[in-house]
Amino acid sequence: MHINYDAFTDVLGTNPKERLLEQNRTALVCDCRRLLAAHLRAHHYSLPLIGKTLKRHHTTVLHLIRTHDELISTDAHYRKLVETCGESILVHDSNET
């Protein structure tokens, strides 16, 4: 399985992978990063592996995931982001079943 960074193109514009991995703390980029971290964790990625993928410390990843859980229940804009990007973040490689 690999990450489909293009799932965030409609939200972040061009170069979504670069925007997610840079040292950018704007709300929209942080929300997308949060969604990606939570999605990876739901697919059994470890906190250190997610941190390595996002170029963040694993405790930052833990915070992203906890915040994701809170926002899902309280923030309509965040739920819309989840609906927009969530389903197409991970793509199965052709040799996986």
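Any read-out appearing in this document is the output of simple, stated calculations on the displayed coordinates, not a laboratory observation. Keep in mind it's a predicted model, so treat the numbers as computed, not measured. Cβ: placed from backbone, ideal geometry, glycine included. Neighbour counts: every protein chain shown.
Note on GLN23 and GLU70: their simple-model spin labels are 2.5 nm apart, each label 7 Å out from Cα toward Cβ. So, R0 is 25 Å and r is the distance between the beta-carbons of SER46 and ASP10; what FRET efficiency does that work out to, to 0.05? Working from the Cβ atoms, E equals 0.30.
The orientation-averaged projection of the convex hull spanning the C-alpha atoms of the stretch 15-97 amounts to 5.9 square nanometres. Of the DSSP H helices in the chain, none is both long (alpha-carbon extent of 15 Å or more along the helix axis) and hydrophobic (Kyte-Doolittle mean at least 1.6). Less than 5 angstrom separates the built amide H of LEU90 from those of ASN4, all sequence-distant by 5 or more or on a different chain. Put a plus charge on the Cβ of each Lys and Arg, a minus charge on the Cβ of each Asp and Glu, and nothing anywhere else: the dipole of the chain about its Cα centre is then about 420 debye. Phi angles of the stretch 2-19 translate, via the Karplus equation with coefficients 6.51, -1.76, 1.60 and θ = phi - 60°, into HN-Hα couplings of 9, 7, 9, 5, 5, 4, 9, 4, 4, 8, 9, x, 5, 6, x, 4, 4, 5 Hz per residue; Gly and Pro are given as x.
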